[in-house]
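**Q** Dropping the structure in here first, questions after.
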Amino acid sequence: MIKKCIGCGIPLQTENENDLGYTPKLENDLCARCFKLKHYGNKIDEGKNQNNTILLEKINKNKCHVLFITDFLNINNEVIDTYKKIKNSKNLVINKSDIIPKNIIVSKLLCNIKKIYKIDEDIILSSSKNNKLDDLYKIINKHNKILFCGYTNMGKSSLINKITKTNLTVSNKRNTTQEFIKMSYEDKTIIDAPGFINNYIIEKDIKNIIRPITYQMKNKYYLNIEEIKLAFNKDVNLTIYIDNNIRVEKRKIKETLNYEEKINSNCDILIKGIGFIKVKGDTNFFINISKDRYEIRPSIVGGNYE
Ligand SMILES: Nc1nc2c(ncn2[C@@H]2O[C@H](COP(=O)(O)OP(=O)(O)OP(=O)(O)O)[C@@H](O)[C@H]2O)c(=O)[nH]1
Ligand SMILES: [Mg+2]
């Protein structure tokens, strides 16, 4: 039988140091990549990039209940479209609940997400960091075989480590888990899956609760968030939900920005890989990134969507 790395599931090999799964000795339980990730943090090459279509096919072939893991800043059409393509019985899990700002009423948040993205199943909140696992256990207890999937870095392996007391490799590098990994938990089977990949994944760890920042924007100014420039044609109030470590600056407009779009009051401008901005008031906005990088939606943190 082929021996697999207990950290990421890749078959172990001693032949080629530059290929995935390499280990100097087959007696080792970890591949060299997982060894480095566990002991030295981030200084490693990227793992194998997953093919989302093949990954989805493999998930759909499994006869099991699926828990699809995402987090507060990574709820967007692409993520939800992938969730909806899962044919098994399933739940959406908003993990890393420890980063959700304190002023947000989580029951309302989940209700809003359900309505805006038209999700039929229950949405569950969890955090391996804060040991918020009670609602997950309720689901797990109802099934014999449970598969955790979702986009890379959403905390799937961290949750499974907490639940099954295993030692899967966890890191803020994309593609940490390389293959499906089966393990037992009580009389059940739990499966960890490699993460789906997109172009805008936050590789930085969000360690602290998000502190929303409220701005009064004047139309002569634009907001600068990393490489993103965002301006409005009216004075508007907005609240920004991003990692506290990202710098936000207000600067005077000197150039016109490429894309203009209309937004209604109480909608979010979601910027993939960064977070979202809730805008109060109808306005047009101007942005320097193309349409595939951002989305507009009714705000998940307010409003009434009956
Ligand atoms: N704030 C917070 N961070 C978490 C939590 N769970 C995991 N993380 C961090 O999120 C990052 C990704 O965790 P993993 O468990 O490796 O994520 P994954 O979904 O298995 O990732 P892939 O294997 O690449 O698909 C790590 O840096 C973790 O420390 C959580 O509950 N809260
Ligand atoms: Mg993983």
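**Q** Which of the numbered conditions does Thr176 fail, given that it passes all the others? Conditions: (1) over 23 Å from Ile206 (Cβ atoms); (2) within 16 Å of the chain's Cα centre (by Cα); (3) of a type in the set (S, T, N, Q).
**A** (1)
**Q** Still on this structure, please answer the following. Out of curiosity, is Lys25 of a type in the set (D, E, K, R), in a helix (DSSP H, G or I) and either at pLDDT 90 or above or in contact with a Gly (Cβ under 7 Å, 6 or more places away or on another chain) (or both)?
**A** In short, no.
**Q** Of the residues Ile160, Ile146, Ile94, Ile124, which single one is assigned to a strand (DSSP E or B), on the phi < 0 side of the Ramachandran plot and within 16 Å of ligand 2 (Cβ to nearest atom)?
**A** Exactly one residue qualifies, and that residue is Ile146.
**Q** Separate question: When the residues of segment 186-224 are narrowed to those that are within 16 Å of ligand 2 (Cβ to nearest atom) and in a strand (DSSP E or B), which ends up farthest from Asn288 (Cα to Cα)?
**A** Applying the filter and picking the extreme gives Ile190.
**Q** For Asp282, indicate whether it is surrounded by fewer than 17 Cβ atoms within 10 Å (Cβ to Cβ), modelled with pLDDT under 95 and under 18 Å from the mean Cα position of the chain (by Cα).
**A** no
**Q** Right, something else. Would you check which residues across segment 99-145 are within 16 Å of ligand 1 (Cβ to nearest atom) and basic (Lys, Arg) and list them?
**A** Lys102, Lys129, Lys132
**Q** Pick from segment 97-121 the residues that are over 18 Å from Met154 (Cα atoms) and aliphatic (A, V, I, L, M): which of them is farthest from ligand 2 (Cβ to nearest atom)?
**A** Result: Ile105.
**Q** Let me ask another. Just name the residue that is nearest to ligand 1 (Cβ to nearest atom) out of those in segment 157-185 that are under 17 Å from Gly195 (Cα atoms) and of a type in the set (Lys, Arg).
**A** Arg174
Per-residue answers, yes or no, for (1) under 17 Å from the mean Cα position of the chain (by Cα); (2) hydroxyl-bearing (Ser, Thr, Tyr); (3) modelled with pLDDT under 95; (4) surrounded by 13 or more Cβ atoms within 10 Å (Cβ to Cβ):
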residue	(1), (2), (3), (4)
Phe68	yes, no, no, yes
Val79	yes, no, no, yes
Thr82	yes, yes, no, yes
Asn91	yes, no, no, yes
Ile100	yes, no, no, yes
Leu110	yes, no, no, yes
Leu133	no, no, no, yes
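**Q** Being among the basic types (Lys, Arg), free of Cβ contacts under 8 Å to residues at least 40 places away in the same chain and outside the structural domain of Thr70 (by TED's automatic domain parsing) is true for just one of Lys165, Lys182, Lys207. Which residue is that?
**A** Lys207
The values are calculated or read from the model by the stated rules, or taken from the named source; none is laboratory data. It should be emphasised that the depicted structure is a prediction, and the values quoted were computed from it without experimental measurement. Here the Cβ is made from the backbone with ideal geometry for all residues, glycine too, and neighbour counts use every protein chain on show.
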